[in-house]
Each structure stands twice: as structure tokens, then as C-alpha cells.
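Below is one structure, written out as C-alpha cells; comments come after it.
The values are calculated or read from the model by the stated rules, or taken from the named source; none is laboratory data. Bear in mind that the values here come from a model prediction, so they are computed numbers and not experimental data. FYI the Cβ positions are ideal-geometry reconstructions off the backbone, even for glycines, and counts take in every protein chain you see. When the accessible area is computed, the model is the full protein with side chains, heavy atoms only, and any ligands, DNA or RNA have been set aside. Shrake-Rupley method; radii C 1.70, N 1.55, O 1.52, S 1.80 Å.
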Amino acid sequence: MSKTKVIIVSVITAASILAVSFYMLVWLWFVSPAVERIQLIHITARLAAAEDLYRKSGGNNVLLRGYVDDFFTAGKLSLESKKYGNAIAFYTAGLEIDCWRPDKIFELGLVYEKKGMYDEAYKRFNQALNSNPGLIVYLKAKLHINAIKNKVKQAGPFTEELNIGEGKLKAKTIYILDFGVSDREMIEDLRVLLQDVYKVRFAFLGDLKEPINGFDKQRAQFFVEPLFENVRSQYEDIFSSPDTQAILVVTPYDITDGGVNFLFGKSDAQYGVG
């Protein structure tokens, strides 16, 4: 390559790096704050309308249901900007309108934890656990409860312990099988959270094939036992490994055991499948 070509390539490369850096700086300094300001203006207007409606209705929270997500968004923005007092007020107002939101109860717990109010944080995390949360919120709440216990030396009010089960299963590695989950990022988040909570190695194994004769068309549900049999037959080599005794199947599908309408989950400690 000639000296002239080298110079041209160097100039083009430098110009490209400069252009990308300039774009990132413009976004960081001007565009992102502008977007945030517009969002705040919109939410502020919505909250003002909610306050006016609340006042005119004589304090009827039911009429504010259409504004509940605005309160939660304002709470999250306040949390991100470390305005914890505002965040607590917004989340509390939102939960007074719609109390059955385990994810928002958990987020309110985060605010209290950030503020160093561990008693309140502990209460909110437990409240989230008892509000029938999804799996991710459940595991996050457990994780933060454990973190609070580690931060607070006096274990007086913090007596709850994690129950990993009383079975004979003592796996060194637990594999996760995906059965119908399209969100691979969620599976990875789940793997990390499980590993942090239970202090056991979790690894993603792959996708589980649909079992033969395992689906009831009339009920639109999968039966658990054919699923278990499918796991055992497909991954017999995994179970024979001395390092692995457990496989966890994660699925969004409705499952049943036949004698019940539906199951949230089921495990078989003898075979190490859940």
C-alpha cells in the first residue's frame, strides 16, 4: 500500500471515530436530557390532572386508575435521579390506587433500601413475595432480602431464611431448559439470579422438544409427567454425570398434573427434574 493510500485510510478512520464521538456527546449532552425533560413535562401534566380529579371527586382513588402508571413512572425517574423522598411519595400514591402490583412494591422496597431504611425495605420485599409475583420479581426480592440480612448485623427482625428444599438432591450444577420461552435475555437474567440466590452453578442447556402425547387440546395444557419423561430421555447423559443431578425446565405454557386445574410448577427430587 502506497504512502498516500495509508494517509487517506488514516484520515477516514480518524474522521469516522471523531464523528461517532461527536454523535455520542451530542446524545449525552443534548438529546437524552431533552427526551427526559419532555417525559417529565408529560408526566407532570398527567399528575396535575390526576390531583385535580382527586380533589373534585372528594378523594376517590378509583377514578385515578387511568393515571396509576404515571405515578409509577414518576417514582422510577425519581429513584434513578436519587430523589428518594419523591420516589417514595409517587410509588406510595400509585399503590394506593392499585395495590396489587408486586413489581412496584418491589421497586418501592428498592427506594427504601437505597435510602438505608432497611426495616421498610425488608417489609416491602416480603410484601412483594406474598403478592403472587412473577418468577423474576420473586427471585429479586429474595436476593435483596438476603443482601439486607448481610448488611444488618443485628439479625433480630431478619429471621427468615431461604428454603432450598429438604430433598436429597445436592447438585453441583443445575441446567436450565427452555420450553417455549422466546425471550432469551429473560432466561439469562433468571440464570444469574438463581445462581446468586442459591449459590449453585446454573447453566443454560438449550431448548426442550415438545413431548409426544403431552398436550391436551381440550384443556390447552401440557401434562407434567410427559414433560418429565421427555427431559429424562433426551438428557440421560446429563443425569449420569457426577457433577449434574438437576434440570430446571422454564416455560410460559399452562401445565397440569391431571387432578388440578393448573400448576405453577412441580419437581421430582428422585430424578432431579423441575
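Descriptive notes on the structure:
- Reported count of residues in the range 75-108, each being more than 14 Å from Glu51 (Cα to Cα), open to solvent by less than 50 Å² (accessible area, probe 1.4 Å) and of a type in the set (Gly, Ala, Ser), is 4.
- Pick from the range 235-267, criterion assigned to a helix (DSSP H, G or I) and out of contact with any strand residue (DSSP E or B) (no Cβ under 9 Å at 6 or more places or on another chain), ranking: modelled with the lowest pLDDT: Asp237
- Residue in the range 109-119 that is closer than 23 Å to Glu51 by Cβ and open to solvent by less than 20 Å² (accessible area, probe 1.4 Å) present: yes
- Of the helices (runs of 4 or more DSSP H) that lie entirely inside the range 49-138, those containing 3 or more residues that are modelled with pLDDT of 90 or more span 84-97, 102-114, 118-129.
- Hey, Arg232 farther than 20 Å from Asp268 by Cα and either charged (D, E, K, R) or out of contact with any helix residue (DSSP H, G or I) (no Cβ under 7 Å at 6 or more places or on another chain) (or both) or not: no
- Within the range 193-219, restricting attention to residues that are open to solvent by 60 Å² or more (accessible area, probe 1.4 Å) and among the hydrophobic types (A, V, I, L, M, F, W, C), the residue that is modelled with the highest pLDDT is Phe204.
- For Val68, the conditions (1) more than 28 Å from Leu194 (Cα to Cα); (2) surrounded by fewer than 18 Cβ atoms within 10 Å (Cβ to Cβ) all hold with the exception of (2).
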